[in-house]
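The values are calculated or read from the model by the stated rules, or taken from the named source; none is laboratory data. These numbers were taken from a predicted model, which means no experiment stands behind them. Note: ideal-geometry Cβ built from the backbone for every residue, glycine included; neighbour counts use all protein chains shown. Heavy atoms of the whole protein, side chains included, go into the accessibility calculation; ligands, DNA and RNA do not. Shrake-Rupley method; radii C 1.70, N 1.55, O 1.52, S 1.80 Å.
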Amino acid sequence: MFTRKIMLGTTFLAWILLTGCTPDTLTPVSNADRSYYKGDALILIAVDGDGKRAVRHIEVVTKEEPLGYEIYFHDRKPDKGFIELKIPTPSSNVRLKEYSLSGHYGCSRGKAGYGSGSKIIAKISSGKTYFLGTINTDMNTVYNEMPKALVKEAKKKYNYTAKGEDIPKTSRFQSNLSL
C-alpha cells in the first residue's frame, strides 16, 4: 500500500515536470460570456534584449475581463521581436498587467524577472492592430516606445504604423553657452 502511494506520487510529480504549468495558449481566466464580443483585435507586445533572458509569462487585462488573459511560454520563449495576442472586441482599458522572465524560479513567480506595464489602450476595435509596449529583458522593464529595429517589421508584417508614444523620443542636449 505504501509503495503504491509512492509510485502514484512519483508518477504525478513526473507528469507535472513534463507538462509544465500550462500550454502555450492564450486563455481567458474568467468565465466571460463570449456572445458579448464581436470579433478580435491584434495586440503587439515587443520584446527587446540581448537574448540571455526571455519572456516566460504575460497577462493582459481589460475593463471587461479584469481577471485577464494569460499566456505561458514553455517551448519557445520570446527573446526578441513581437508577441502577438488576439483579444476579443470591443474591449477597453487594455493593459499589460504582468509579465515574468525565464531563468527565474521555474514556473513559480518571484521578484526577479517579474513586472508590469504602464501603457493603457482606451478601446480596441475588431480587425485592428494595437501596440501595447516593449518588454526589455535586459533591464526587466516595460516602456511604451517600439524599438527602432521593429518599426519596419510592424509595418510590413502587421500593417501597423508606429505613432505617438510608440515612437522613441530623441532629444539632444544643446548648450547656450559660448566658450
Requested in this report: Using Cα positions and a limit of under 28 Å, work out the lysines in reach of K38, with same-chain residues fewer than 8 apart set aside.
Outcome: K63, K86, K97, K119, K123, K128, K155, K156, K157, K163
Query raised in the report: What is the packing order of peptides 63-73, 147-157, taking the mean over residues of other C-beta atoms within 10 Å and listing the highest first?
Result: 63-73, 147-157
Query raised in the report: At a 1.4 Å probe radius, carbon and sulfur cover how many percent of the accessible area of the stretch 50-92?
Result: 48 percent
Report task. Highest first, please rank the peptides 33-41, 76-84 by the mean number of other Cβ atoms sitting within 10 Å of their residues. Result -> 76-84, 33-41
**Report entry** Net charge of Cβ neighbours under 15 Å - reference P66; Lys, Arg +1; Asp, Glu -1
**Finding:** -3
